[in-house]
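Novice: Quick one: the structure is below, questions incoming.
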């Protein structure tokens, strides 16, 4: 118990207490390794029509993220059918050109990237690793205590299901909601209007694909997510300081992306 108390940390902006059993150096090293692996496999574009707006957004978000240990780096991957972006620990960022049709504007992309930066600066990856380490430790202790019990296997099987549905997945939903909140504040501080978050995430939710019931999903369903965003918006708007160059500048359309170098 003392070890767990000593391993608690606090997330930025939301102030949530979290279990943390891994160091930032370890997290950042894993992020760099994963980033290099992505760059080896994916088609990177250097076309300034897309790299310049993306880097401009990242620069503004990084300036308000307050992570001096991060070495921010961004690559744009030319995949117009892949609506994705991610930020790895250490500030390594990949943006797929397919996300432009969801974001539509630089402000929209700032909302999406703010969300991903939120995951990184709140150390959600490290928290997930810590949770898994904790589950394994408790599971090992239970296994030792149940070795002589004729019902040991059944109890362990029940514990495995319980840990997945009752412990690990809810934290993932917490992470997603928290990243929405942190992302809106970061975007607002960087000069982007956080009110567009509702439309951005509605467009994201409209992408083709099936959606599991919320209980078994690591993401809140669309209705829950939008309502959470609406409730948090006043706090994000309070941080909003409009920037003259952080408005409704359009991103390249899918047709324009197809012509990129």
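The values are calculated or read from the model by the stated rules, or taken from the named source; none is laboratory data. Source: prediction; values computed, not measured. Don't worry about glycine lacking a Cβ; one is built from the backbone with ideal geometry, like all the others, and counts go over all protein chains shown.
Novice: Going by the conditions given, is residue 118 at positive phi and modelled with pLDDT of 95 or more? Walk me through it before giving the result.
Specialist: Values: at positive phi: no; modelled with pLDDT of 95 or more: yes.
It is false that residue 118 is at positive phi and modelled with pLDDT of 95 or more.
Novice: If you don't mind, there's one more thing I want to ask. Being modelled with pLDDT of 95 or more and assigned to a helix (DSSP H, G or I) is true for just one of 225, 195. Which residue is that? Quick ask: steps written out before the conclusion?
Specialist: Working: 225 fails: modelled with pLDDT of 95 or more.
Being modelled with pLDDT of 95 or more and assigned to a helix (DSSP H, G or I) holds for just one of 225, 195, which is 195.
Novice: Same structure, new question: Among (1) touching a residue at least 12 places away in the same chain (Cβ under 8 Å); (2) within 19 Å of the chain's Cα centre (by Cα); (3) not in a helix (DSSP H, G or I), there is one condition residue 15 misses while meeting the rest; what is its number?
Specialist: Unmet for residue 15, out of (1) touching a residue at least 12 places away in the same chain (Cβ under 8 Å); (2) within 19 Å of the chain's Cα centre (by Cα); (3) not in a helix (DSSP H, G or I): (1).
Novice: Only one residue in 50, 74 is buried (at least 19 other Cβ atoms within 10 Å of the Cβ), at negative phi and assigned to a helix (DSSP H, G or I), so which one is that?
Specialist: Working: 74 fails: assigned to a helix (DSSP H, G or I).
Residue meeting the stated conditions: 50.
Novice: Given the criteria over 27 Å from residue 184 (Cα atoms) and touching a helix residue (DSSP H, G or I) at 6+ places or on another chain (Cβ under 8 Å), does residue 24 qualify?
Specialist: On the way: over 27 Å from residue 184 (Cα atoms): no; touching a helix residue (DSSP H, G or I) at 6+ places or on another chain (Cβ under 8 Å): yes.
Taking the combined requirement at face value, the residue does not satisfy it.
Okay, residues lined up against (1) part of a helix (DSSP H, G or I); (2) surrounded by 24 or more Cβ atoms within 10 Å (Cβ to Cβ):
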{"site": "79", "(1), (2)": "no, no"}
{"site": "83", "(1), (2)": "no, no"}
{"site": "87", "(1), (2)": "no, yes"}
{"site": "102", "(1), (2)": "yes, no"}
{"site": "114", "(1), (2)": "yes, yes"}
{"site": "128", "(1), (2)": "yes, no"}
{"site": "132", "(1), (2)": "yes, no"}
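Novice: Do you know which residues across the stretch 18-39 are modelled with pLDDT of 90 or more and part of a strand (DSSP E or B)?
Specialist: 18
Novice: (1) part of a loop (DSSP other than H, G, I, E, B); (2) under 20 Å from the mean Cα position of the chain (by Cα); (3) at pLDDT below 95: which one isn't true of residue 252, the others all being true?
Specialist: It fails just one condition, (2).
Novice: List the number of the failed condition for residue 63; all other conditions in (1) assigned to a loop (DSSP other than H, G, I, E, B); (2) closer than 24 Å to residue 109 by Cα hold.
Specialist: The single condition residue 63 does not satisfy is (1).
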